[in-house]
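Okay, so here's the structure we're looking at.
The values are calculated or read from the model by the stated rules, or taken from the named source; none is laboratory data. Just so it is clear, the structure is predicted and the values come from calculations on it, not from any experiment. So basically every Cβ, Gly included, is an ideal-geometry build from the backbone, and we count neighbours across all protein chains shown. Surface accessibility is based on the protein's heavy atoms, side chains included, excluding ligands, DNA and RNA. Shrake-Rupley method; radii C 1.70, N 1.55, O 1.52, S 1.80 Å.
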Amino acid sequence: MDSFVPDSSQPSVISLDDVHLSLGTGAARVDILKGASLDVARGTSVGLVGPSGSGKSTLLMVLAGLERPTSGTVRVGDAVLTDLSEDKLAAFRGREIGIVFQSFHLIPTMTALENVAVPLELADHDDPFGTAKTELESVGLGERTAHYPTQLSGGEQQRVAVARALAPKPAILVADEPTGNLDGPTGKQIADLLFEAPAKRGTTLVLVTHDLALAQRCDRQVHLEGGCVVEDTQEKALSEAAE
C-alpha cells in the first residue's frame, strides 16, 4: 500500500472555533474549556499534551462528538457537529470517527471478532464479519478471533480496540491515553499501529498522551493548560519560518 502524503493546501478536516465547555451552574460552575481553537489538516497526526486537568481529554471528546460544548463551533469534514441532533451525531460518529480508549471498552461476552463486527453490523455494513476478520488480521490477531477479552492480554485487547476503531474506515481516529495501561514494549506496538493509520490510510490521528516520546512521534504537539491552547508546535514552526 502506498503511503499517504498530507496535502497542506486542503481545508482542515477538523476545526474547533472558540470552544467553551462548562459544567454546573452558579457557584458550582466549573469551566473546563475556555475558548479553545484548533485546526487539523487531513492525514496528519496531532498530540494533545498538558498537565492533568488541563482539558486535553475533554477537547478530544468534543472533537469526537462525545461531548457537546457550551458554546463555540466544532466542524469535522463537512459536518458541523454542534448543529447535529443526537441521532445524526451518533450516525456521523459511527461512520467518520474511530475511538480508542485507555481501558479498551470491549464487551466481555463477545469474541474479538464479534467486538469488531457487531458495531459494523448495527451500522448496516455490507460485510461486517469479513471486514472484522481482515482488520484483526491487520493488527496481528488473525489467530485470536474466537477468543474472549479475558483470554487476551492487555496488549491484545487494545489491538482489538484499534481494529474496531479502524474497521469503518473512519476519516478521524482519536485515542485517549491509548498506551496508558500497557508496558513499554507493548505500548510501542500499539503506537505503531495507530501511526500506520495516517501513513497508510490517510486517516487523521488525534491523541491525548502523557508520554513525551509518543507525543513527539506526532506531526504536531498542541499543549493545553487551564482549558486553553497555550502552544502549538506547528504554529511555532510557521512563526519561526516567517522571521
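Brief remarks on what is shown
- Taken across region 140-158, residues that are surrounded by 14 or more Cβ atoms within 10 Å (Cβ to Cβ), part of a loop (DSSP other than H, G, I, E, B) and in contact (Cβ under 8 Å) with a residue 40 or more places away in the chain do occur, with at least one present.
- The criterion of at least 3 residues that are closer than 22 Å to ASP39 by Cβ, hydrophobic (A, V, I, L, M, F, W, C) and modelled with pLDDT of 95 or more is met by the following strands (runs of 3 or more DSSP E) wholly inside region 163-243: 172-176, 204-208.
- When residues of region 168-189 are limited to those that are surrounded by fewer than 23 Cβ atoms within 10 Å (Cβ to Cβ) and hydrophobic (A, V, I, L, M, F, W, C), the one farthest from the chain's Cα centre (by Cα): LEU182
- Filtered by the rule that a residue be out of contact with any helix residue (DSSP H, G or I) (no Cβ under 6 Å at 6 or more places or on another chain), under 20 Å from PHE104 (Cα atoms) and among the acidic types (Asp, Glu), region 115-136 gives no residues.
- Answer residue from region 194-211, given it is surrounded by fewer than 20 Cβ atoms within 10 Å (Cβ to Cβ) and under 22 Å from ALA41 (Cα atoms) and is nearest to the chain's Cα centre (by Cα) among those: PHE195
- Residues (open to solvent by 70 Å² or more (accessible area, probe 1.4 Å), hydrophobic (A, V, I, L, M, F, W, C) and modelled with pLDDT of 95 or more) located in region 95-129: ILE107, PHE129
- Apart from one condition, ALA132 fits all of (1) under 13 Å from LEU193 (Cα atoms); (2) crowded, with 23+ Cβ neighbours inside 10 Å; the exception is (1).
- Within region 53-80, residues that are more than 17 Å from VAL230 (Cβ to Cβ) and free of Cβ contacts under 8 Å to residues at least 24 places away in the same chain sit with their Cβ atoms under 7 Å from residues that are in a helix (DSSP H, G or I) and among the hydrophobic types (A, V, I, L, M, F, W, C), at 6+ positions apart or across chains, in these pairs: ALA79/PHE92.
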